[in-house]
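The values are calculated or read from the model by the stated rules, or taken from the named source; none is laboratory data. All of these numbers come straight from a predicted model, not from anything done at the bench. Don't worry about glycine lacking a Cβ; one is built from the backbone with ideal geometry, like all the others, and counts go over all protein chains shown. Note: accessible area is taken over every heavy atom of the protein model, side chains too, but ligands, DNA and RNA are not part of it. Shrake-Rupley method; radii C 1.70, N 1.55, O 1.52, S 1.80 Å.
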Amino acid sequence: MDARHRPSVSKIFMNKKNWLMVIGLLVLAGVYVFYFTDWFKPKIVHIAHTSRALGQRFGGNTGVNPAALSITFSLEPPCKLTEIKVVPLAAWQTNQNTLPVWHLVAGSNSAPVKIFGYGQRIRGLKPEVPGAQPEPLQPNVTYRLFVTAGKATGQHDFVLKPVEPR
């Protein structure tokens, strides 16, 4: 057979019907990946909080001011944090550049964290402003906690409720 009259490889194996099947298969694969995998979904850290009077932790009658509260946050899933920031919600809603009452950033590799307390030192994180200390939380003020762990983010609103003395 002469080279001029020999059919090309694409004409032999890829007729119009085959091209349509390949395109349809690629579209179905794209739809599956988009809707049934987490590849395009934002990574979210779920946060919950618990607040307790410090006196309750030590058995109640310890002479500790019962109005002094401890607030603890739990993360799901546990993650290597790269930033923690707590801001008063009302101030943040009017100015997203408001100064945080507590702000930690990654200083080195952090270990996965599941639970941490407000103001606690966390391995691998350091204050954004060197030497800065967390400000005391005010009762009945709504705060927002922002957490970043690589590309995963989370936020959680909480209020410090005063505890009535017994």
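The calculated Kirkwood hydrodynamic radius for the range 98-166 is 13.8 Å, given to one decimal from all distinct C-alpha pairs. Taking amide H as placed 1.01 Å from N in the peptide plane, the amide H of VAL113 sits under 5 Å from that of CYS79, LYS80, LEU81, each at least 5 places away or on another chain. Extents of the range 64-113, taken as max minus min of Cα coordinates on every principal axis and listed largest first, are 36, 31, 21 Å.
When you count the other C-beta atoms within 10 angstrom of each residue and take the mean per peptide, 106-119, 139-152 line up highest first as 139-152, 106-119.
If you roll a 1.4 Å probe over the heavy atoms of the protein chains, what accessible area per residue do you get for the range 97-159, in Å²?
Heavy-atom SASA per residue in the range 97-159 reads 60 Å².
With 20 Å as the limit on Cα-Cα distance, the pairs of LYS41/LYS126; LYS80/LYS161; LYS85/LYS151; LYS43/LYS161; LYS41/LYS85; LYS126/LYS161 that go past it are LYS41/LYS126; LYS80/LYS161; LYS43/LYS161; LYS41/LYS85; LYS126/LYS161.
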